[in-house]
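The values are calculated or read from the model by the stated rules, or taken from the named source; none is laboratory data. Keep in mind that this is a model prediction, so the values were computed, not measured. Reconstructed Cβ throughout: ideal geometry from the backbone, glycine too, with neighbour counts over all protein chains shown.
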Amino acid sequence: MNEKKLLDRIDELEMRYAFQEDSIRQLDEVLQEATAEIERLRGELKTVREQLKETLGPEAPLEEQVPPHY
């Protein structure tokens, strides 16, 4: 392989690497945002369950009662 072709291949690989690195960074940001949103929603769901349990008391349907380990 001549030197020009080798340099062209190296340049192409460097561009691909840079693109992949940027894509991975963007995906990581999206994943972090999604994880934070899931945690926030879990907290809200826990609060709603606790409020529902307090409101309905022991008459609450089984599927609405929070198990003791929560």
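Does any residue in segment 41-54 that is without any contact (Cβ under 8 Å) to a residue 24 or more places away in the chain come within less than 7 Å, Cβ to Cβ, of a residue that is among the acidic types (D, E) six or more places away or on a different chain, and which pairs are these?
Partner pairs satisfying both residue conditions: L52/E64.
For every residue, the table says whether it meets (1) loosely packed, with under 10 Cβ neighbours inside 10 Å; (2) modelled with pLDDT under 95; (3) acidic (D, E).
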| position | (1), (2), (3) |
| --- | --- |
| Q20 | no, no, no |
| S23 | no, no, no |
| L41 | no, no, no |
| R49 | no, yes, no |
| P61 | yes, yes, no |
| P67 | yes, yes, no |
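How many residues are hydrophobic (A, V, I, L, M, F, W, C) and within 16 Å of the chain's Cα centre (by Cα) when one looks only at segment 14-57? Lay out the reasoning, then the answer.
Here is the first cut: in segment 14-57, the residues hydrophobic (A, V, I, L, M, F, W, C) are 15, 18-19, 24, 27, 30-31, 34, 36, 38, 41, 45, 48, 52, 56.
From what's left, within 16 Å of the chain's Cα centre (by Cα): 24, 27, 30-31, 34, 36, 38, 41.
The total comes to 8.
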